[in-house]
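Just below is one structure, and these are the notes that go with it.
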Amino acid sequence: MAQDRTYKQQTEIADYAPVNGLRMYYEIHGHGQPLVLLHGGMTTIEDFGLVAPAFAQSRQVIAFERQGHGHTADIDRPFSLEQWADDTAALLRYLNIENADILGYSTGGSVAIAFALRHPQMLRKLVLVSTIYNREGYYPGIMEGLLNATADDMPDILREMYTRVSPHPEKWPELVEKSVESADGFEGWEKKEIRTIVAPSLVMVGDRDIVRTEHAVELYRLIPDAKLAVLPDTDHVGILVQHADWTGAMVTGFLDAPMPETGQTEQPGNAEHNFPKGIGRPATDALLAAGYTSLEQLTGVREVDIKQLHGVGPKAVKILRETLAEMGLSFSLRK
């Protein structure tokens, strides 16, 4: 592309981290509140070449490349949003970072949603740029085209980004194949799951994006504490390239704004409830974020619906079921 999207000259750390079987490449720029950048599908951290320098003026920017992308070699493991979210959390723990802002672009935005649902305690603020939360998020034809794509069908810029830095540039076809398989298995999240995201969020989309504007508006309305930005005359690439100044300024303003006061947005784990301690903090947070504060409320909910809440695992469900039984109660038996 015409613009110079590199920012190596500002890199303070460029290294590899042992993360869940990966030798994950990451870079750190600047100092301050940590901001993690999650790149798009089949791309690299070069996605952020025009916005990262602005972010690094006031915060610690952490950019890394996911399994099989860029500098990070692939391993014998399928691609999945959930695994990538867990890899993100593992990298933060490796860097001794307890809490960070997360900005995800395109597929990276869907990874950011998975992170928000699976690791809410590690998230301060969330920025979702050109992001879908289910298969209906793209305009007609986009998903179908992706599912039938081959390495030869991909834009030259994506292949060039990969081959410039990959330790195995000959594996470009494998990256495309695994990405298509991952997209084929993507179903997304139910609306009730998105409603459990408690972090202040900013949803951004271009008015000429491959993501439907209506979908971005729906995502914005589902997240309890969210703001929306629709950039005019902006497509999927332009939101980080041609209009990088707009995007950078809006994201910076959102991240710099004060966090809601505790009394205004109570953290889930601090709310009053009578759930047994044995279910664990993630399950408790998930139940509270979904609006449940007592065991008695669960009698009106099917067990299968509780299982769908991220953070509520089989052990937590078993404890809840047994505790209800001790009270002479049970989950709802309705079909």
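Numerical summary
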{"item": "Count - residues of segment 144-163 that are surrounded by fewer than 16 Cβ atoms within 10 Å (Cβ to Cβ), closer than 18 Å to His39 by Cα and touching a residue at least 12 places away in the same chain (Cβ under 8 Å)", "result": "1"}
{"item": "Any pair with Cβ under 6 angstrom, 6 or more apart, that starts in segment 237-255 at a residue that is in the same structural domain as Leu158 (by TED's automatic domain parsing) and touching a residue at least 60 places away in the same chain (Cβ under 8 Å) and ends at one that is among the hydrophobic types (A, V, I, L, M, F, W, C) and part of a helix (DSSP H, G or I)", "result": "Gly248/Ala54"}
{"item": "All positions within segment 86-127 that are among the aromatic types (Phe, Trp, Tyr), buried (at least 23 other Cβ atoms within 10 Å of the Cβ) and more than 25 Å from Ala290 (Cβ to Cβ)", "result": "Tyr105"}
{"item": "Any chance Ala52 is buried (at least 22 other Cβ atoms within 10 Å of the Cβ), under 20 Å from Gly206 (Cα atoms) and over 11 Å from the mean Cα position of the chain (by Cα)", "result": "yes"}
{"item": "Tally of residues being aliphatic (A, V, I, L, M) and without any contact (Cβ under 8 Å) to a residue 40 or more places away in the chain across segment 70-104", "result": "2"}
{"item": "Test: residue in segment 165-177 that is farther than 30 Å from Asp15 by Cβ, modelled with pLDDT of 95 or more and in contact with a helix residue (DSSP H, G or I) (Cβ under 9 Å, 6 or more places away or on another chain)", "result": "no"}
{"item": "Candidates Ala100, Ala112, filtered to the one that is in contact with a Pro (Cβ under 7 Å, 6 or more places away or on another chain), among the aliphatic types (A, V, I, L, M) and at pLDDT 95 or above", "result": "Ala100"}
{"item": "Selected residue (only one of Thr299, Thr234 is β-branched (Val, Ile, Thr), surrounded by 14 or more Cβ atoms within 10 Å (Cβ to Cβ), under 30 Å from Val51 (Cβ atoms) and more than 21 Å from the chain's Cα centre (by Cα))", "result": "Thr234"}
{"item": "His39 vs. criteria over 17 Å from the mean Cα position of the chain (by Cα) and in contact (Cβ under 8 Å) with a residue 12 or more places away in the chain", "result": "no"}
{"item": "Unmet criterion (only one of (1) crowded, with 24+ Cβ neighbours inside 10 Å; (2) closer than 19 Å to Ala183 by Cβ; (3) of a type outside the set (Asp, Glu)) for Phe64", "result": "(2)"}
{"item": "Counted residues, segment 172-186 - those being farther than 12 Å from Met42 by Cα and either of a type in the set (D, E, K, R) or surrounded by 13 or more Cβ atoms within 10 Å (Cβ to Cβ) (or both)", "result": "3"}
{"item": "Number of the condition not met by Lys335 [criteria: (1) part of a loop (DSSP other than H, G, I, E, B); (2) out of contact with any helix residue (DSSP H, G or I) (no Cβ under 9 Å at 6 or more places or on another chain); (3) at pLDDT 85 or above; (4) of a type outside the set (Asp, Glu)]", "result": "(3)"}
{"item": "Filter result (out of contact with any strand residue (DSSP E or B) (no Cβ under 7 Å at 6 or more places or on another chain), part of a helix (DSSP H, G or I), among the hydrophobic types (A, V, I, L, M, F, W, C) and at pLDDT 85 or above) within segment 255-309", "result": "Ile279, Ala283, Leu287, Leu295, Leu298, Val304, Ile306"}
{"item": "Count of residues meeting criterion [surrounded by fewer than 14 Cβ atoms within 10 Å (Cβ to Cβ) and within 27 Å of Ala114 (Cα to Cα)] in segment 309-333", "result": "3"}
{"item": "Sole residue being farther than 30 Å from Lys307 by Cβ, assigned by TED's automatic domain parsing to the domain that holds Glu218 and over 14 Å from the mean Cα position of the chain (by Cα), chosen from Asn148, Asn99", "result": "Asn148"}
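Residues are listed down the side, and each one gets a yes or a no for (1) farther than 20 Å from Arg124 by Cβ; (2) modelled with pLDDT under 95:
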site	(1), (2)
Arg5	yes, yes
Asp15	yes, no
Val36	no, no
Met42	yes, no
Phe64	no, no
Gln67	yes, no
Gly70	yes, no
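The values are calculated or read from the model by the stated rules, or taken from the named source; none is laboratory data. The structure presented is a predicted model; accordingly, all values stated were derived computationally and were not measured. Cβ: placed from backbone, ideal geometry, glycine included. Neighbour counts: every protein chain shown.
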